[in-house]
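A short write-up of the structure that comes next.
The values are calculated or read from the model by the stated rules, or taken from the named source; none is laboratory data. Quick caveat, the model's predicted, so the values are computed rather than measured. Cβ: placed from backbone, ideal geometry, glycine included. Neighbour counts: every protein chain shown. Ligands, DNA and RNA are excluded from the accessible area calculation, which covers all protein heavy atoms including side chains. Shrake-Rupley method; radii C 1.70, N 1.55, O 1.52, S 1.80 Å.
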Amino acid sequence: MNVMRHLRVPNKSVQDVIVLLKDNDLLHNGMRIIPDSDGKHRLIPLSNSAPHSLPSYFREFEEVTQQGRPDERPNESWWTHLSRMIGEDIVREHGESWPSNHEFIGDIMIVRIKENISSFRKEIALSKMASHPNVRMVMEDRGVQGELRIRNLSPIALRNNSEIITEEISLGRHDTRVFVRESGKSILCDPTKAYFSTKLQTERLETLDLARELRQLLGSPIRVCDPFCGVGPVLANLISEDDLVSDALATDLNPDAVEMLFDNLRRWDGRQYPEEPVVIERIYPDRITGVADASTLSEISGVRSSWDMVIVNLPHKTVEMLPKLIPLLDRSSPSLIRGRAVVAESDIEATNRRITDILPPLLAGSPPISLNIKRDYSSTLRLCSFQAWIAPN
Ligand SMILES: C[S@@+](CC[C@H](N)C(=O)[O-])C[C@H]1O[C@@H](n2cnc3c(N)ncnc32)[C@H](O)[C@@H]1O
């Protein structure tokens with residue numbers, strides 16, 4: 001008897017919740033998603049190791065315990081296709097090297113391929129496409145690069161009607177702009193032109209929770225500054241919640257990111273934004289946006305000392321950037337910095353102390369700075385996040 005825990009989710013939110021559950025290792029892979037008897041919900045199976053108390057963003061959904069349904073559909077996983085294409089022996093020979101993970105950005109699939117199996121990149125792409133018929137393009141991810149943190153992506157295979165092309169796919173000729181659904185919003189992005197990661201959705205929901213906490217503490221809607229906003233996914237969650245955010249600053253150094261941000265803001269905010277990326281300006285009394293270097297923002301009057309929450313999302317430079325960002329906070333009341341940092345695991349304690357030394361005094365009773373490991377960045381480096389509750393002057 002497979003009586004197990006399921007999350008009862010409205011049909012329209014099922015895709016969002018599956019991504020989040022996967023991201024948190026909470027989805028049961030061997031069991032099926034079952035339609036609820038009311039026709040309006042589905043029951044998503046939770047993994048046996050899911051904690052009794054689920055993260056706060058799942059609490060809006062009812063948990064039901066009932067008979068699970070094993071997934072007995074024929075296993076046409078990408079491995080099966082790959083084995084058929086190159087033979088089981090070669091698949092076995094390279095064991096753990098094959099990319100079992102991939103990331104979907106809209107109908108684009110992004111895969112990291114290890115050096116020792118790079119000669120099979122086409123077979124990998126074709127097998128993944130065969131098991132995911134809705135994927136239009138598979139691209140190899142060679143890592144995030146440069147100041148603008150854009151991924152170095154190389155297209156391997158493109159579905160063109162019923163045909164799959166693997167030769168002469170040039171990025172400029174094919175549409176790489178896609179809409180991604182997240183928490184009920186659609187986010188326009190182009191992973192070849194601006195940073196975007198679907199894997200940060202959990203991080204963004206934690207940021208949303210922190211913003212709610214700050215709003216509660218201040219007793220009024222908060223002013224949020226997102227100076228490394230990319231195409232704006234953090235703000236998507238924040239500005240869409242009633243009475244959470246009053247004013248927002250959304251800027252980035254990358255004009256392509258800002259162009260897509262304007263498209264996104266137009267839909268989320270229901271107001272007009274420029275068609276072209278413009279240099280930072282106050283477009284509405286409550287919206288400052290455009291292209292800007294975060295390190296000089298605090299030189300602009302009307303931007304300095306104006307924000308309750310500052311989001312620092314340039315993880316490899318956080319510690320270096322912090323001193324230039326602190327003056328953006330309005331220190332007449334409690335404020336919050338929410339940041340991410342890439343550090344060696346052995347340096348975490350030292351970095352906690354460095355950040356504490358750089359920051360103004362923390363709010364009495366708030367927890368000390370503590371980098372929280374989110375995932376491995378490399379064999380030694382860890383991607384961490386932190387929050388700092390700052391005391392008023
Ligand atoms: C890791 S990405 C985060 C983007 C976005 N917040 C997100 O979560 O998708 C960092 C962003 O910082 C931008 N950036 C890098 N240096 C910057 C600077 N000096 N001033 C403003 N933006 C910068 C990059 O263009 C990139 O979009």
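Looking only at segment 4-28, which residues are open to solvent by 20 Å² or more (accessible area, probe 1.4 Å) and in contact (Cβ under 8 Å) with a residue 60 or more places away in the chain?
Within segment 4-28, ARG5, LYS12, SER13, GLN15, ASP16, VAL19, ASP23, ASN24 meet the criteria.
Hey, does segment 274-283 have a residue that's among the β-branched types (Val, Ile, Thr) and within 9 Å of the ligand (Cβ to nearest atom)? Show your work before the answer.
Initial filter on segment 274-283 (among the β-branched types (Val, Ile, Thr)): 278-280, 283.
Now narrow it down to the ones that are within 9 Å of the ligand (Cβ to nearest atom): none.
Taking every residue of segment 274-283 in turn, none turns out to be among the β-branched types (Val, Ile, Thr) and within 9 Å of the ligand (Cβ to nearest atom).
Could you list, in sequence order, all residues of segment 306-326 that are loosely packed, with under 15 Cβ neighbours inside 10 Å and away from the ligand (no atom under 11 Å from the Cβ)?
Looking only at segment 306-326, we keep the residues that are loosely packed, with under 15 Cβ neighbours inside 10 Å, and these are 320, 323.
Within segment 306-326, PRO323 is the sole residue that qualifies.
Counting only residues that are within 13 Å of the ligand (Cβ to nearest atom) and either open to solvent by less than 20 Å² (accessible area, probe 1.4 Å) or of a type in the set (Gly, Ala, Ser) (or both), how many does segment 290-302 have?
Residues flagged as within 13 Å of the ligand (Cβ to nearest atom) and either open to solvent by less than 20 Å² (accessible area, probe 1.4 Å) or of a type in the set (Gly, Ala, Ser) (or both) within segment 290-302 amount to 6.
Could you check how many residues of segment 253-273 are touching a residue at least 40 places away in the same chain (Cβ under 8 Å) and either more than 14 Å from ARG177 (Cα to Cα) or small (Gly, Ala, Ser) (or both)? Please lay out each step first, then the result.
Within segment 253-273, the subset touching a residue at least 40 places away in the same chain (Cβ under 8 Å) is 253-254, 256-257, 260, 263-264, 267-268.
Still in the running and either more than 14 Å from ARG177 (Cα to Cα) or small (Gly, Ala, Ser) (or both): 253-254, 257, 267-268.
Count: 5.
Taking segment 343-368 as the region of interest, how many residues are in a strand (DSSP E or B), open to solvent by less than 30 Å² (accessible area, probe 1.4 Å) and within 25 Å of LEU208 (Cβ to Cβ)?
1
List the number of the failed condition for SER306; all other conditions in (1) at positive phi; (2) in contact with an Asp or Glu (Cβ under 7 Å, 6 or more places away or on another chain) hold.
Result: SER306 passes all but (1).
Is one or more of the residues making up segment 376-386 loosely packed, with under 11 Cβ neighbours inside 10 Å and in the same structural domain as LEU210 (by TED's automatic domain parsing)? Outline the logic, then answer.
Taking segment 376-386 and keeping what is loosely packed, with under 11 Cβ neighbours inside 10 Å, we get 378-379.
Within this subset, residues satisfying the condition of being in the same structural domain as LEU210 (by TED's automatic domain parsing) are 378-379.
There is at least one residue in segment 376-386 that is loosely packed, with under 11 Cβ neighbours inside 10 Å and in the same structural domain as LEU210 (by TED's automatic domain parsing).
Can you list the strands (runs of 3 or more DSSP E) lying wholly within segment 278-335 that have 2 or more residues being aliphatic (A, V, I, L, M) and touching a strand residue (DSSP E or B) at 6+ places or on another chain (Cβ under 7 Å)? Even if it seems obvious, please write down each step before you answer.
Working: elements: 281-284, 287-291, 309-312.
Because the criterion is at least 2 residues that are aliphatic (A, V, I, L, M) and touching a strand residue (DSSP E or B) at 6+ places or on another chain (Cβ under 7 Å), the strands (runs of 3 or more DSSP E) in segment 278-335 that meet it are 287-291, 309-312.
Within segment 289-303, work out how many residues are touching a Ser or Thr at 6+ places or on another chain (Cβ under 7 Å) and on the phi > 0 side of the Ramachandran plot.
1
Being open to solvent by less than 50 Å² (accessible area, probe 1.4 Å), modelled with pLDDT under 90 and in contact with a strand residue (DSSP E or B) (Cβ under 9 Å, 6 or more places away or on another chain) narrows it down to one residue among MET1, MET31; which is it?
Working: MET1 fails: open to solvent by less than 50 Å² (accessible area, probe 1.4 Å).
Answer to the selection: MET31.
Just give me the residues in segment 203-228 being over 23 Å from PRO392 (Cα atoms) and either away from the ligand (no atom under 12 Å from the Cβ) or without any contact (Cβ under 8 Å) to a residue 40 or more places away in the chain (or both), in sequence order. Give the steps one after another, and end with the answer.
Of all residues in segment 203-228, those over 23 Å from PRO392 (Cα atoms) come to 203-206, 228.
Selection gives ARG204, LEU205, GLU206.
Can you pull out the residues in segment 218-254 that are under 18 Å from CYS189 (Cβ atoms) and surrounded by fewer than 17 Cβ atoms within 10 Å (Cβ to Cβ)? Spell out the reasoning first.
Taking segment 218-254 and keeping what is under 18 Å from CYS189 (Cβ atoms), we get 226, 228-240, 250-254.
Selection gives SER240 alone.
Could we say that GLU259 is outside any strand (DSSP E or B), over 20 Å from PRO315 (Cβ atoms), open to solvent by 40 Å² or more (accessible area, probe 1.4 Å) and within 16 Å of the ligand (Cβ to nearest atom) here? Give the steps one after another, and end with the answer.
Values: outside any strand (DSSP E or B): yes; over 20 Å from PRO315 (Cβ atoms): yes; open to solvent by 40 Å² or more (accessible area, probe 1.4 Å): yes; within 16 Å of the ligand (Cβ to nearest atom): yes.
Criteria met by GLU259.
Can you tell me which residues in segment 34-74 are open to solvent by 80 Å² or more (accessible area, probe 1.4 Å) and farther than 15 Å from VAL9 by Cα? Even if it seems obvious, please write down each step before you answer.
Here is the first cut: in segment 34-74, the ones open to solvent by 80 Å² or more (accessible area, probe 1.4 Å) are 35, 37, 40, 42, 48-49, 52, 59-60, 62, 65, 67, 69, 72-74.
Selection gives ASN48, SER49, HIS52, GLN67, ARG69, GLU72, ARG73, PRO74.
Within segment 137-166, take every residue that is among the acidic types (Asp, Glu) and open to solvent by 50 Å² or more (accessible area, probe 1.4 Å) and give me the one that is modelled with the highest pLDDT. Walk me through it before giving the result.
Of segment 137-166, the ones among the acidic types (Asp, Glu) are 140-141, 147, 163.
Now narrow it down to the ones that are open to solvent by 50 Å² or more (accessible area, probe 1.4 Å): 147, 163.
Details: GLU147: 93, GLU163: 85.
Among those residues, the one meeting the criterion is GLU147.
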